[in-house]
Amino acid sequence: MPTVRRFRITINGKVYEVEAEELGQEGAGRPAVGTGAPVVAAPPPAPAPKAAPPKAAPQAASKPASDGASVDAPLPGLVLDVKVRPGDAVVPGQVLIILEAMKMENEIVAPDAGTVSRVEVAKGDSVSAGDVLVVLQ
């Protein structure tokens, strides 16, 4: 009796969940004849897309602070990781904070290049939308 197995396959960055029927050793490596639906060859894979800049989940807001630009929490959540320290130089799009919100990990990224002057949160902190996370110079 054939066994049905589930697989998760990623093609060109898109995840598919499929079920496949294991047919066993019928025909010593040859497909079984007359077993039901015709076998259809999968289309050839599309060419790999050119690398695009990483996308941040929600974009953190940045607003002027008295000693630099603040990067604020775009939504309430729990700080899972802090990737920078005061004095670190950052580039646009660099991950500053990992924020868990709605059971998803969100990367809070630097909106502009600069130097971290203050980190206002620590791993394990709960934050509200609009709370200052990092201040950049």
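In this structure, Val71 does not qualify as within 18 Å of Val119 (Cα to Cα), modelled with pLDDT of 70 or more, touching a Leu at 6+ places or on another chain (Cβ under 6 Å) and in a loop (DSSP other than H, G, I, E, B).
Which one is modelled with the lowest pLDDT among residues in the stretch 5-34 that are in a loop (DSSP other than H, G, I, E, B) and at positive phi? This residue is Gly34. Scanning the stretch 74-94 for residues that are assigned to a loop (DSSP other than H, G, I, E, B) and among the acidic types (Asp, Glu) gives a single hit, Asp88. Sort out which residues of the stretch 95-110 are part of a loop (DSSP other than H, G, I, E, B) and surrounded by 19 or more Cβ atoms within 10 Å (Cβ to Cβ), and write them in order of number. Of everything in the stretch 95-110, just one residue is part of a loop (DSSP other than H, G, I, E, B) and surrounded by 19 or more Cβ atoms within 10 Å (Cβ to Cβ), namely Ala110.
The values are calculated or read from the model by the stated rules, or taken from the named source; none is laboratory data. Just so you know, these numbers come straight off a predicted model, no measurement behind them. Every residue, glycine as well, gets a Cβ built from its backbone with ideal geometry; the counts of neighbours run over all protein chains shown.
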